[in-house]
Amino acid sequence: MPIVDFSLEGKVALITGGSKGIGRATALAYAENGADVAIASRGKEELEATAKEIEAHGRRVIAVPTNIGNEDELRALYEQTVSELGGVDILINNAAYAKAQPMEEITPKDFERGMRINVASALLLSQLCRQSMLQRGGGVIVHVSSDDCLRPSTGIGIYSTAKAALVHLAKHMAAEWGPDGIRVLAVSPGLVRTYMARGICKYVEAQGDKAKLNPLKNKVGEPEEIAGALLLAASPAGAYLNGGNIVLDGGTQALSPVQIDW
């Protein structure tokens with residue numbers, strides 16, 4: 001046995017937002033380390049393309065088009081994963097929703113939608129996967145938050161609030177489900193080169209040395225760099241991780257207020 005064990009051999013991982021960005025990179029990292037994978041997102045073509053990449057690693061994979069804001073579709077995603085892959089050992093709640101909106105324009109309907117897609121979906125899918133994890137002797141749940149949980153980014157208040165809620169949701173689940181052998185934690189990336197963050201990535205990189213993003217020469221994170229932390233979280237190497245929040249943002253101190261074109 002290796003001193004540090006990153007193997008996921010025999011495990012089944014379910015990843016929302018799994019067709020691109022952090023979700024895709026994580027799905028491939030898990031497949032490289034032995035896991036079978038269920039990936040979910042709204043884009044069918046992108047899901048199928050990522051599924052082919054996973055299959056190239058010799059792993060089983062299912063690609064399930066899913067709107068995570070719809071409870072029936074979440075239940076169907078869980079049931080299909082159990083039916084076709086045998087269960088769930090690892091859940092990565094990665095899919096997210098953001099809308100540029102100043103605080104004074106946010107309506108109760110806007111707020112409800114943001115919390116339903118970003119937080120309530122993670123709660124429901126965690127509750128569903130818990131059933132399988134209990135049968136399989138334990139499991140791991142990771143909520144992908146954001147360093148917005150620590151500081152606000154102007155113009156996306158619902159997103160920032162939801163990401164902070166995910167961190168506390170992880171702490172509650174960890175406290176209550178840890179005795180059942182289910183570890184729960186949050187991972188909070190800073191600015192990462194994803195489709196959703198394309199506007200702000202473009203802005204920061206255009207600023208060059210003038211940007212005030214982080215001490216690493218204003219480095220923008222890559223999805224694969226976040227996937228490494230998610231591999232640690234899910235593997236035996238991370239067996240002591242529970243209830244915490246892993247922040248991966250290059251040491252970000254502050255980002256100049258900017259209206260982001262999402």
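The values are calculated or read from the model by the stated rules, or taken from the named source; none is laboratory data. Since this is a predicted model, take the numbers as computed values, not measurements. We place every Cβ from the backbone using ideal geometry, glycine too, and count neighbours over all the protein chains shown.
Filter segment 1-50 down to the residues that are in contact with a Pro (Cβ under 6 Å, 6 or more places away or on another chain) and surrounded by fewer than 16 Cβ atoms within 10 Å (Cβ to Cβ), then identify the one that is nearest to TYR240 (Cα to Cα). Step by step, filter segment 1-50, then rank; the result is ASP5. Quick one: SER132 ticks every box in (1) within 13 Å of VAL12 (Cα to Cα); (2) assigned to a loop (DSSP other than H, G, I, E, B) bar one, so which box is it? It is condition (2) that SER132 fails. Going through ILE90, ILE158 one at a time, which residue ends up being β-branched (Val, Ile, Thr) and modelled with pLDDT under 95? Criteria check complete, one pass: ILE158. The requirement of being within 15 Å of GLY17 (Cβ to Cβ) and part of a helix (DSSP H, G or I) is satisfied by LEU77. Looking only at residues of segment 93-130 that are closer than 14 Å to MET173 by Cα and free of Cβ contacts under 8 Å to residues at least 12 places away in the same chain, we find that the one that is surrounded by the most Cβ atoms within 10 Å (Cβ to Cβ) is ALA120. Among the residues of segment 232-262, the one identified as at pLDDT below 95, under 16 Å from the mean Cα position of the chain (by Cα) and part of a loop (DSSP other than H, G, I, E, B) is ASP249.
If you take the residues of segment 51-72 that are in a loop (DSSP other than H, G, I, E, B) and among the basic types (Lys, Arg), which of them is surrounded by the fewest Cβ atoms within 10 Å (Cβ to Cβ)? Per the criteria, the residue is ARG60. Among the numbered conditions (1) on the phi > 0 side of the Ramachandran plot; (2) not in a loop (DSSP other than H, G, I, E, B), the only one that LEU14 does not meet is (1). Just give me the residues in segment 149-184 being more than 14 Å from the chain's Cα centre (by Cα) and without any contact (Cβ under 8 Å) to a residue 24 or more places away in the chain, in sequence order. Of everything in segment 149-184, those that are more than 14 Å from the chain's Cα centre (by Cα) and without any contact (Cβ under 8 Å) to a residue 24 or more places away in the chain turn out to be PRO152, SER160, HIS168, HIS172, GLU176, PRO179.
Within segment 169-190, track down each residue that is of a type outside the set (Gly, Ala, Ser), within 17 Å of ILE246 (Cβ to Cβ) and touching a helix residue (DSSP H, G or I) at 6+ places or on another chain (Cβ under 6 Å). Those that are of a type outside the set (Gly, Ala, Ser), within 17 Å of ILE246 (Cβ to Cβ) and touching a helix residue (DSSP H, G or I) at 6+ places or on another chain (Cβ under 6 Å): VAL184, LEU185, VAL187, PRO189. Here segment 175-228 is the region considered, the condition is being among the aromatic types (Phe, Trp, Tyr) and part of a helix (DSSP H, G or I), and the residue that is modelled with the lowest pLDDT is TYR203. What are the residue pairs meeting all of these: first residue in segment 20-41, first residue modelled with pLDDT under 95, second residue part of a helix (DSSP H, G or I), Cβ atoms under 8 Å, and 6 or more apart or on different chains? Note: pairs meeting the criteria are LYS20/GLU46; LYS20/THR50; GLY21/PRO223; ILE22/PRO223; ILE22/ILE226; ILE22/ALA227; ILE22/LEU230.
Any residue in segment 92-107 that is within 18 Å of the chain's Cα centre (by Cα) and not in a loop (DSSP other than H, G, I, E, B)? Scanning segment 92-107, I find at least one residue that is within 18 Å of the chain's Cα centre (by Cα) and not in a loop (DSSP other than H, G, I, E, B), so the answer is yes.
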